[in-house]
């Protein structure tokens, strides 16, 4: 599997985990993460983040999005 495909699959999984953690539908979670730089973060730090548990990644995304103006 190519790096690009692994990154896409990982991003989808993270969006789903974020949605579940905060009782959002997947579309809402994606928009929130996109608007507050979470998707960009997953792309930029894939090599580090994919080694962590999804719980840790969701916490990282929440903290990052709050720093960028998010309220979740």
> If you take the residues in the range 33-72 that are outside any helix (DSSP H, G or I) and touching a residue at least 12 places away in the same chain (Cβ under 8 Å), which one is nearest to residue 3 (Cα to Cα)?
Replying inline: 50
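Tell me yes or no: at least one residue of the range 1-15 is closer than 11 Å to residue 61 by Cα and not in a helix (DSSP H, G or I). Spell out how you get there, then give the answer.
Of the range 1-15, the ones closer than 11 Å to residue 61 by Cα are 14-15.
Going one step further and asking which of them are not in a helix (DSSP H, G or I), we end up with none.
Among the residues of the range 1-15, not one is closer than 11 Å to residue 61 by Cα and not in a helix (DSSP H, G or I), which makes the answer no.
So, residue 30, is that one without any contact (Cβ under 8 Å) to a residue 40 or more places away in the chain and either surrounded by fewer than 12 Cβ atoms within 10 Å (Cβ to Cβ) or in contact with a strand residue (DSSP E or B) (Cβ under 7 Å, 6 or more places away or on another chain) (or both) or not?
Values: without any contact (Cβ under 8 Å) to a residue 40 or more places away in the chain: yes; either surrounded by fewer than 12 Cβ atoms within 10 Å (Cβ to Cβ) or in contact with a strand residue (DSSP E or B) (Cβ under 7 Å, 6 or more places away or on another chain) (or both): no.
So residue 30 does not fit the description; no.
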>> Which count do you get for residues in the range 33-43 that are surrounded by fewer than 17 Cβ atoms within 10 Å (Cβ to Cβ) and within 11 Å of the chain's Cα centre (by Cα)?
In response: 3
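Each reported figure results from applying straightforward, stated rules to the coordinates on display, with no laboratory input. Note that the coordinates shown come from a computational prediction; the quantities given were computed from them, not determined experimentally. Every residue, glycine as well, gets a Cβ built from its backbone with ideal geometry; the counts of neighbours run over all protein chains shown.
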